[in-house]
Amino acid sequence: MQKLTDPNLLDDIAEIGRIQAVPRILETVAHITGSRFTAIARVTQTTWTACATFDTLGFGLVPGGQLVLETTICDEIRQSATSVVFAHASEHPIYSQHHTPRIYGLESYASVPIHRPDGSFFGTLCAIDSAPANFDVAHVQRSMELLADLVGSYLDKEDRLERAESALSDAHRVADLRDQFIAVLGHDLRSPLQAISIAADSLACEAGTERQQRMLAHITSGVARMDGLINDVLDFARGRLGGGIPIVLQLTSTLEEDLRRVVEEVAIATGRQDIKIHIQIDDDVVCDPSRLAQLLANLLTNAAVHGERSSPITLTVHSEPEMFTLDVHNEGHIPSARLDTIFSPFSREKSERPRPGLGLGIYIASEIARSHGGTLEVESSAAAGTLFTFKMPRLELP
């Protein structure tokens, strides 16, 4: 007998060793065959290795022990994928002349192939004894083949468990990288931007000419726009990589004021003074008011940019005992082919005229809705225009 030297086989032995049912399976095989030695062997093109054994015969083979492949019948089973079972070797028309019973002094022998669920050959489930057996060959073969199928299914389970553990480990590494990415992005982009903003504020106190004032106004506007883009990228990173945009829930009594302020800001920024407002909030709301303000700003800006400028934008907000609803309507039309991707990041309608932004506004709004346990839906037609509806179940503070 040879000692195990191939490190790859150690994984096979460990895989069989993790299957808790293997000892009972080997005992069952011993019971139905009457054999005093049973084993699960890993059989390759060059090696025969015991992965698990049940030995009351004193055969002396333990897990990791190897036999010369050419001295076994298992190599023939590997090549033919057929079982070999006989109860009395010395009286068998074929195996009375076979070298394996003669080498190992065997009289009874049963060995069936083990295949993984994908059909690949793993090895054999076998039983041997130096004494003749008194069993029904067909019954023993069928029973052992069923047990071999069971071992094969367990192998697939172990493979899937190992892949799952590996995926979990990878997920932890990705989470660490995500946190590092967001931290670096926030720090490395905001720091120089803050320096530019401070410098612009300082120069504003010294700028005397009209041209200098215009240049500083451009700088200030650019800083504000860059800050908005950075916020969008950070929210995208959190939503895409971090499992959702973080929110801080609080009981707020000023949500209507916050939303009306957003309308004023969007009206100034987009030049749309035709935003009609219908807000009815009769009691306090549990939410993240700054995030809901961001959601509304994104929806209104989208309506202002993509909607018909000849028709007004309508904002309708109302709260009920069980549901908070916010609607933004405009007379624009979103083609049906684009509705399927409207909530995907970087989704924007193709246009010959370049438009500002990264195409993240609607995606971020949908992520804010999801973080609140709510939904953001859209309906659009040429006749009725486009309606975005945010619905949030009434929340309670923990």
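Listed values, structure above:
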quantity	calculated
For region 88-97, Karplus couplings with θ = phi - 60° (6.51, -1.76, 1.60), whole Hz, Gly/Pro x	8, 4, 5, 10, 7, x, 9, 7, 5, 9
Net length gained if the chain between residue 396 and residue 80 were fully extended (0.36 nm per residue, minus Cα distance)	107.0 nm
Placed amide H near residue 245: partners under 5 Å, 5+ positions off or other chain	371
Inter-centroid distance (Cα atoms) of region 292-311 relative to region 371-398, Å	14
Contour excess over end-to-end distance, with Cα ends at residue 199 and residue 45 and 0.36 nm allotted per residue	48.0 nm
Per-residue HN-Hα couplings for region 9-26 [Karplus 6.51, -1.76, 1.60; θ = phi - 60°; Hz; x = Gly/Pro]	5, 4, 5, 5, 5, 5, 4, 5, x, 7, 7, 5, 7, 4, x, 5, 5, 5
Residues whose placed amide H lies under 5 Å from that of residue 123, excluding near-sequence neighbours	43, 114
Whole-Hz couplings from phi, Karplus 6.51/-1.76/1.60, listed for region 390-398; x for Gly and Pro	9, 10, 9, x, 5, 9, 10, 6, x
Projected label distance in nm at residue 31 and residue 375, using a 7 Å step from Cα toward the beta-carbon	5.5
Extension gain from residue 96 to residue 116, taking 0.36 nm per residue of separation minus the Cα-Cα distance	4.0 nm
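Taken together, the values in this text are just the output of simple stated rules run on the coordinates, not laboratory data. What you see is a predicted model; the values in this text were computed from it and never measured. Quick reminder, even Gly has a Cβ in these numbers, built from the backbone with ideal geometry, and neighbours come from all protein chains shown.
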